[in-house]
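Input: a single structure, listed below in structure tokens.
The values are calculated or read from the model by the stated rules, or taken from the named source; none is laboratory data. Just so it is clear, the model here is predicted, and its values are computed rather than measured. Here the Cβ positions follow ideal geometry from the backbone for every residue, glycine too, while neighbour counts run over all protein chains shown. Calculation scope for accessible area: heavy atoms of the full protein, side chains included, ligands and nucleic acids excluded. Shrake-Rupley method; radii C 1.70, N 1.55, O 1.52, S 1.80 Å.
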Amino acid sequence: MGLAQEDAGPAEEYTDEGSQDCFRDEWRLRHPPARAHHAHDFRFAGAVERGDLHHISHQEDGRHRHHYGQDEGGIADGVEVACGIAHFLLLVDDVLYSGRSVRAALDFLAGRGCTRIGTTAAGAGLASVSGSTIGMTYALGRAGIPEMLRAGYDKRLAVGTVIVAGRDTGTHRPRELADVVGVVGQNPVAGFVTDTVEDEIAYGMEQLGISPSVMRKRVEETLDLIGIADLRRRALLSLSGGQQQRVAIAAVLAAQPRILVLDEPTSALDPTAAQDVLASITTLVHDVGLTVVLAEHRLERVMHAADAVWWLPGDGSVVQGRPEDVLARADVVPPLAALSRTMGWQTVPLSVREARRRVGPHLDLPHAPQPSEAMTWQSDGDEVLRLEKLGVKYGTVHAVDSITATLECGTITCLMGRNGSGKSSLMWAIQGATKSSGKVLVNHDGSWADPRKADAATARRMVSLVPQSASDLLYLPTVAEECAQADKESEVPDGTTRDILSRLGVELPEDRNPRDMSEGQRLALVLAIQLSSRPDILLLDEPTRGLDYAMKIELTRIIRDIATGATGESAAVLLATHDVEFAATTTDRTIVMATGHVVADGSTRSVCTSSPGFSPQIAKVFHPADVMTIADVERLVRIPAGGRR
């Protein structure tokens, strides 16, 4: 919903620079003021144009904030895509988007009752394809976080024809497409315009002039469809990231569009919630005839539901076809595609069930460990963090309920659990930015101290946190200024942050504006900034959100280097994620949370292979064998001749 704030281009902001420093010191990390709602709500293809209503939202501190910008991206060459249905809702003909890094043209057709999934190496222009359906162009940054530019209005940005249900988006205003196209962006908060869940779902229908009785009926239906009826009266800002994403989808579905455009709809959802949302969308496709265009990096979650895939290699071309055929040769390699190449299969199985049938029984493989107890982690390193009956309470809700745990230096620990289980609250409590009870003790310079009671400079050296949106910690106009400010705040020699950035394997132009960079580049910059203080503990909240597979592999290397001390002194790394595939290949230990409690704690292998909800796909394929990653397959499984492509 709305513009994806994280990957915005150069921004025009009206802020008080002095307040930035006060805010940063108070919270002990670099964090800009609360983001305002964007001046344009594109959720319903412009059913309400904020410019027409002259609506400008206010931040909590009373200041206005406007964002205008561009980023890398474009639309790529392709061939006709058809569903075999005579009546087509969408026609894109000879569209050319003049991006800075991609320039190409696309011709395709999309029919009723179809699901299209676009996949790409980040920066190839995937979201430009989906964005064109509503008379706008998604300019896809290298990290896959799009910003919507109104290309339908500005022929300097795009030429060609986009027809939606017989309407040319170049001559029809977004409000005139609102009855046929709905859009869910990657950052739901940027598009929220009301205060509560129920009001947000009703808002779009209200702007479309739907009668109150019908609105009430649709609100109830949508709440049940997405499974958020228990949230109906909750404040939007009190929801977890995953809950906000589900509300964003519900708000669009309530208007009953004929085409639904989704940008990474499951990126903030736990595996079970993601399956629930996708099941609801699939039902609409099969039973109602809804057309879905879905841009996604985490393909293992969605490829089984696709009728067709568009792959944008990044060279100005588009490869389209059946998912099993396209994924067999794409450079975007989800787990089952990697397994297919390792085993030498010609096509990619789209589900665990299909892969298990191809693999067959492996009676010669050792069975995965099945722990008799849920708490099996044995500490054998130097403890750097102790939590004793740590609690976080929001009103009557116990987000973190009397947790006792330890972390060891050099160990990478994963926090998992359903949305709203308390993962983020636990990390913010450890960092000291959220009021909490109990004890938080860090072994800093040979003595145990509480970071919540330390001064800002000392707290930075004890615990550093990278939040879900890493760009929240960036506010200066260039990379050089960000690095210099980090050196100053951390009281380290000039050039320290820049040197850490280089050791992370990332080279960024000093004059580059962070808002012009990809999500992966911004994440690397924030990591360097936070590591400049040489923290004993590094906290990462959903670090893989918006990253493609290649970037996740690079992030795994970076995190391991941080833990082992390759970038400085070794540290304990605690990351919260819903990405079970990333956790399986990156972490040593996994802690599972539910309703503010720890319900499992052990090695990642033992916890993930014994959990149907948090098990990676490779483990599911070979269950009950002790095989969790592609490296395990290559080490333990007899590969047929012609495998390991």
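Quick notes
- Each residue in the stretch 236-278 was checked for being part of a loop (DSSP other than H, G, I, E, B) and either open to solvent by 10 Å² or more (accessible area, probe 1.4 Å) or of a type in the set (D, E, K, R) (or both), and 8 pass.
- Residue within the stretch 505-519 that is open to solvent by 10 Å² or more (accessible area, probe 1.4 Å), of a type in the set (Asp, Glu) and under 21 Å from residue 462 (Cα atoms) present: no
- Filter result for residue 323 (closer than 26 Å to residue 624 by Cα and not small (Gly, Ala, Ser)): no
- Single unsatisfied condition, residue 476 versus (1) out of contact with any Gly (no Cβ under 8 Å at 6 or more places or on another chain); (2) hydrophobic (A, V, I, L, M, F, W, C); (3) open to solvent by less than 30 Å² (accessible area, probe 1.4 Å): (3)
- Residues located in the stretch 590-618, provided they are among the charged types (D, E, K, R) and closer than 16 Å to residue 629 by Cβ: 605
- Only a single criterion out of (1) open to solvent by less than 40 Å² (accessible area, probe 1.4 Å); (2) at pLDDT 90 or above is not satisfied by residue 381, namely (2).
- The residue that is farthest from residue 423 (Cα to Cα), among those in the stretch 191-235 that are acidic (Asp, Glu) and open to solvent by less than 60 Å² (accessible area, probe 1.4 Å), is 220.
- Condition broken by residue 567, with the remaining ones in (1) closer than 20 Å to residue 421 by Cβ; (2) in contact with a Lys or Arg (Cβ under 9 Å, 6 or more places away or on another chain) satisfied: (1)
- Boolean, residue 644 is basic (Lys, Arg), open to solvent by 10 Å² or more (accessible area, probe 1.4 Å) and either modelled with pLDDT of 90 or more or within 23 Å of residue 407 (Cβ to Cβ) (or both): no
- The stretch 578-600: number of residues that are buried (at least 24 other Cβ atoms within 10 Å of the Cβ), under 17 Å from residue 270 (Cα atoms) and of a type in the set (S, T, N, Q): 1
- Screening the candidates 365, 336 for the property of being more than 28 Å from residue 183 (Cβ to Cβ) and under 25 Å from the mean Cα position of the chain (by Cα) yields one hit, 336.
- One residue from 610, 603 being at pLDDT below 90 and open to solvent by 10 Å² or more (accessible area, probe 1.4 Å): 610
- Selection within the stretch 174-190: residues that are part of a helix (DSSP H, G or I) and not small (Gly, Ala, Ser). The member of this set that is surrounded by the most Cβ atoms within 10 Å (Cβ to Cβ) is 188.
- In the stretch 581-610, residue farthest from residue 543 (Cα to Cα) [restricted to those that are touching a helix residue (DSSP H, G or I) at 6+ places or on another chain (Cβ under 9 Å) and polar (S, T, N, Q)]: 609
- Residue within the stretch 419-434 that is modelled with pLDDT of 90 or more, open to solvent by 50 Å² or more (accessible area, probe 1.4 Å) and of a type in the set (D, E, K, R) present: no
A quick yes/no check of all residues on (1) touching a residue at least 12 places away in the same chain (Cβ under 8 Å); (2) under 23 Å from residue 614 (Cα atoms); (3) among the polar types (S, T, N, Q):
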| site | (1), (2), (3) |
| --- | --- |
| 234 | yes, no, no |
| 239 | yes, yes, no |
| 244 | yes, yes, yes |
| 253 | yes, no, no |
| 257 | yes, no, no |
| 266 | yes, yes, yes |
| 270 | yes, yes, no |
